[in-house]
Amino acid sequence: MLLLGCVILIIILSIYFFMHGAQFGAMPQGESLQKIVASPNYRDGQFQNLSNTPQLTEGASFFGILKKFLFDKSGQRIPPAPLPSLKTDLLNLNKDKNILVWFGHSSYFMQIDHRTFLIDPVFSGNASPLKFTTKSFKGSDIYTVADFPAIDYLIISHDHWDHLDYRTILQLKPKVRKAITGLGTAAHLLSWGYDKNLIEEKDWNEQIIPEVGFVLNTTPARHFSGRGFKRNRSIWLSFVLTTPSKKIFIGGDSGYDSHFAEIGNLFGPFDLAILEDGQYNKYWKYIHMNPEETVQAAIDLKAKKLLPVHWGKFSLSIHSWDEPIIRINKEAEHRDVKLLHPMIGEMVDLDINQTFSSWWEGIS
């Protein structure tokens, strides 16, 4: 019995110290916590969505979903071969070009009007506190932090592991001029050594004017947050980025709801909407959009072009790895929405009508 007790104690202590590791970040405190408690979007001890948003669809259960993940083999969740990619030289870009480069999932770089933006970067090879789980697809990790120039604006939509990556954020620190994120998420960055004066943390429906000609409006999303057992202690954001020549919607993660039309009416039309398309399922339909809803959201936003992200790097659902792009490509054609589907690393010229190959076809 003594031996059993010692084993149980060791397990409990191991879990405790693991859950308090640096990669989990920190909870907000002080002035930041005061802002959170005073937020109109914070009630009953956590941030709330605009609409009632259950984590799971009515009738779904944790164990039923776990069974699906473990035993449903109907889809090819992992690509059978390395994904094709291109390596754009980000350190020697033409400074007069307005470009975007997607790195798989929800990570992408933009150079617009001589300023650089990096959104939700994850370059560590996995999207989990455990390095051997949620690994990136082969071929999708062709970039490292060393490949990036100085970043004027690091934008973090929320604190989930597939959007806020501890190792990547640490490595980026010397290159970041300003970090912009939601209330509560700044606590993670501060615990990882970021200068408080370089961080802007905002609630929904606030505005940041970092310099003349550049405006970021924070807008709602329908999702949740949390890196451990405690959820919704930081807010999840979408953004309206306005520069001297462009207006871009940065969607983060979101289920479909009326907020897209409201944002479109208030800020649209957009030159480009960047919206999630992947990791969806009927069992959690309120917190992620299916591909057809993503196209509808782009229409609601009055977007001239749509870039689907949140796919092509990690398997976080039970659909086939390429199902998101196949379905959204079909729906975009049907609804006459201009869809951008670059290869990982391929440069997108934001000033022209560019065409892209169906690079996901024939991967075997």
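Among what's in segment 38-48 and is exposed (fewer than 12 other Cβ atoms within 10 Å of the Cβ) and outside any loop (DSSP other than H, G, I, E, B), pick the residue that is nearest to the chain's Cα centre (by Cα).
R43
Just for segment 123-150: of the residues that are polar (S, T, N, Q) and out of contact with any Leu (no Cβ under 8 Å at 6 or more places or on another chain), which one is most open to solvent (accessible area, probe 1.4 Å)?
Among those that are polar (S, T, N, Q) and out of contact with any Leu (no Cβ under 8 Å at 6 or more places or on another chain), it is T144.
For segment 137-161, what are the residues that are in a loop (DSSP other than H, G, I, E, B) and within 29 Å of T218 (Cα to Cα)? If you could, list the steps in order and put the result at the bottom.
Of all residues in segment 137-161, those in a loop (DSSP other than H, G, I, E, B) come to 137-144, 148-150, 156-161.
Those that are in a loop (DSSP other than H, G, I, E, B) and within 29 Å of T218 (Cα to Cα): Y143, T144, F148, P149, A150, I156, S157, H158, D159, H160, W161.
In segment 96-108, is there at least one residue being polar (S, T, N, Q) and either under 24 Å from S225 (Cβ atoms) or under 16 Å from the mean Cα position of the chain (by Cα) (or both)?
Yes: one or more hits.
Quick one: is L198 surrounded by fewer than 17 Cβ atoms within 10 Å (Cβ to Cβ), farther than 30 Å from P82 by Cα and among the hydrophobic types (A, V, I, L, M, F, W, C)?
In short, yes.
Could you tell me whether any residue of segment 107-119 is among the acidic types (D, E) and open to solvent by 60 Å² or more (accessible area, probe 1.4 Å)?
no
Please go through segment 181-229 and pick out each residue that is assigned to a loop (DSSP other than H, G, I, E, B), free of Cβ contacts under 8 Å to residues at least 12 places away in the same chain and not aliphatic (A, V, I, L, M).
If we filter segment 181-229 for residues that are assigned to a loop (DSSP other than H, G, I, E, B), which is where we start, we get 183-185, 192-195, 203-206, 212-213, 220-229.
Next cut, free of Cβ contacts under 8 Å to residues at least 12 places away in the same chain only: 195, 212.
D195 - this is the single residue of segment 181-229 that is assigned to a loop (DSSP other than H, G, I, E, B), free of Cβ contacts under 8 Å to residues at least 12 places away in the same chain and not aliphatic (A, V, I, L, M).
Please specify each residue of segment 76-92 satisfying the condition of being surrounded by 14 or more Cβ atoms within 10 Å (Cβ to Cβ), of a type outside the set (D, E, K, R) and within 17 Å of T134 (Cα to Cα).
Result: Q76, P79, L83.
Restricting attention to segment 193-202, does a residue exist that is among the basic types (K, R) and within 18 Å of A26 (Cα to Cα)?
Looking for residues that are among the basic types (K, R) and within 18 Å of A26 (Cα to Cα), one finds at least one in segment 193-202, hence yes.
Looking at segment 71-80, is at least one residue of a type in the set (F, W, Y) and either in contact (Cβ under 8 Å) with a residue 40 or more places away in the chain or not in a helix (DSSP H, G or I) (or both)?
no
Applying the selection to segment 49-68, what residues are part of a loop (DSSP other than H, G, I, E, B) and open to solvent by 50 Å² or more (accessible area, probe 1.4 Å)?
If the condition is that a residue be part of a loop (DSSP other than H, G, I, E, B) and open to solvent by 50 Å² or more (accessible area, probe 1.4 Å), then L50, N52, Q55, L56, E58, G59, S61 are the ones that fit.
Looking at segment 240-277, which of its residues are in contact (Cβ under 8 Å) with a residue 60 or more places away in the chain, under 23 Å from A60 (Cβ atoms) and in contact with a Phe, Trp or Tyr (Cβ under 7 Å, 6 or more places away or on another chain)?
Scanning segment 240-277 gives D253, G255.
Residues in segment 230-244 that are part of a loop (DSSP other than H, G, I, E, B), open to solvent by 30 Å² or more (accessible area, probe 1.4 Å) and at pLDDT 95 or above: how many?
Total meeting the criteria: 2.
Would you mention how many residues in segment 161-179 are open to solvent by less than 10 Å² (accessible area, probe 1.4 Å) and free of Cβ contacts under 8 Å to residues at least 40 places away in the same chain?
Residues meeting the conditions: 1.
Which one of I99, I65, I78, I36 is under 23 Å from I151 (Cα atoms) and β-branched (V, I, T)?
Going through I99, I65, I78, I36 in turn, the sole match is I99.
The values are calculated or read from the model by the stated rules, or taken from the named source; none is laboratory data. The structure presented is a predicted model; accordingly, all values stated were derived computationally and were not measured. No Cβ is skipped: glycine too gets one built from the backbone with ideal geometry, and neighbour counts run over all protein chains shown. We work out accessible area using only protein heavy atoms, side chains counted, and drop any ligands, DNA or RNA first. Shrake-Rupley method; radii C 1.70, N 1.55, O 1.52, S 1.80 Å.
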